[in-house]
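Let me begin by presenting the structure, written as structure tokens, before commenting on it.
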Amino acid sequence: ERYPGLMARRKEIIAEYDRVCDKLGVMHLEHYGANHSGSGHLYISRIPGINEETRNAIITEMAERGVATNVHYKPLPMMTAYRNLGFDIADYPNAYNQYQNEVTLPLNTCLTDEQVDYVIENFVEIINNG
């Protein structure tokens, strides 16, 4: 019963994030199109031209401002179990390139419009001042 309402709210938040990321030149997944539609459960953005250290600084700064961001997904060769099996991330440069500049923005359907605006304002400020 709740699903249509939850999906509608996710679409609203995603549309706002898309609008801002497009202005910033920040890449993001295309959740909806003429021939496809996703569940919109994550908002994964990729900030061109930054490295892992800068990405981590952005995540830290967002956290200091009360916004929980994250990284999805860490490449398997970087995980302890796989490293212990002999996998080396250097052998997977594309996986690392996808990881090093990725920031996942909050996409909870309980976010108010004001909270979404707050996420956006801080993300834009941090990206522009970085």
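The values are calculated or read from the model by the stated rules, or taken from the named source; none is laboratory data. All values reported here derive from a predicted model rather than from experimental measurement. Please note: Cβ atoms are built from the backbone with ideal geometry, for glycine as well, and neighbour counts cover all protein chains shown. Please note that ligands, DNA and RNA were not included when accessible areas were found on the heavy atoms of the full protein model with its side chains. Shrake-Rupley method; radii C 1.70, N 1.55, O 1.52, S 1.80 Å.
Got a number for residues in the range 19-42 being part of a strand (DSSP E or B), open to solvent by less than 80 Å² (accessible area, probe 1.4 Å) and touching a strand residue (DSSP E or B) at 6+ places or on another chain (Cβ under 6 Å)? Count: 1. When the range 101-123 is filtered for residues that are assigned to a helix (DSSP H, G or I) and either open to solvent by 40 Å² or more (accessible area, probe 1.4 Å) or aromatic (Phe, Trp, Tyr) (or both), the ones remaining, listed by number, are Asp113, Glu114, Gln115, Asp117, Tyr118, Glu121, Phe123.
Checking the range 97-115 against the condition returns no match, with no residue being over 23 Å from Ile14 (Cβ atoms) and in contact with a Pro (Cβ under 8 Å, 6 or more places away or on another chain).
Determine which single condition His72 fails, assuming it passes every other condition in (1) more than 19 Å from Ile127 (Cβ to Cβ); (2) at pLDDT below 95. Looking at each condition in turn, His72 falls short on (1).
Looking for something of a type in the set (Gly, Ala, Ser), in a strand (DSSP E or B) and either in contact (Cβ under 8 Å) with a residue 12 or more places away in the chain or open to solvent by 70 Å² or more (accessible area, probe 1.4 Å) (or both) - is there at least one such residue anywhere in the range 73-92?
To start, the set of residues in the range 73-92 that are of a type in the set (Gly, Ala, Ser) comprises 81, 86, 90.
If we keep only those that are in a strand (DSSP E or B) as well, we get none.
No, the range 73-92 contains no residue that is of a type in the set (Gly, Ala, Ser), in a strand (DSSP E or B) and either in contact (Cβ under 8 Å) with a residue 12 or more places away in the chain or open to solvent by 70 Å² or more (accessible area, probe 1.4 Å) (or both).
Candidates in the range 60-72 are the residues that are surrounded by 17 or more Cβ atoms within 10 Å (Cβ to Cβ) and in contact with a Ser or Thr (Cβ under 9 Å, 6 or more places away or on another chain); of these, the one that is farthest from Asn128 (Cα to Cα) is Thr69.
Could you look through the range 43-54, keep only residues that are touching a strand residue (DSSP E or B) at 6+ places or on another chain (Cβ under 6 Å) and open to solvent by less than 30 Å² (accessible area, probe 1.4 Å), and pick out the one that is farthest from Arg9 (Cα to Cα)? It would help to see each step written out before you state the result.
Start the filter on the range 43-54 by keeping residues that are touching a strand residue (DSSP E or B) at 6+ places or on another chain (Cβ under 6 Å), which leaves 43-46.
Subsequent filtering for residues that are open to solvent by less than 30 Å² (accessible area, probe 1.4 Å) retains 43-45.
Values: Tyr43: 13, Ile44: 17, Ser45: 19 Å.
Here the residue is Ser45.
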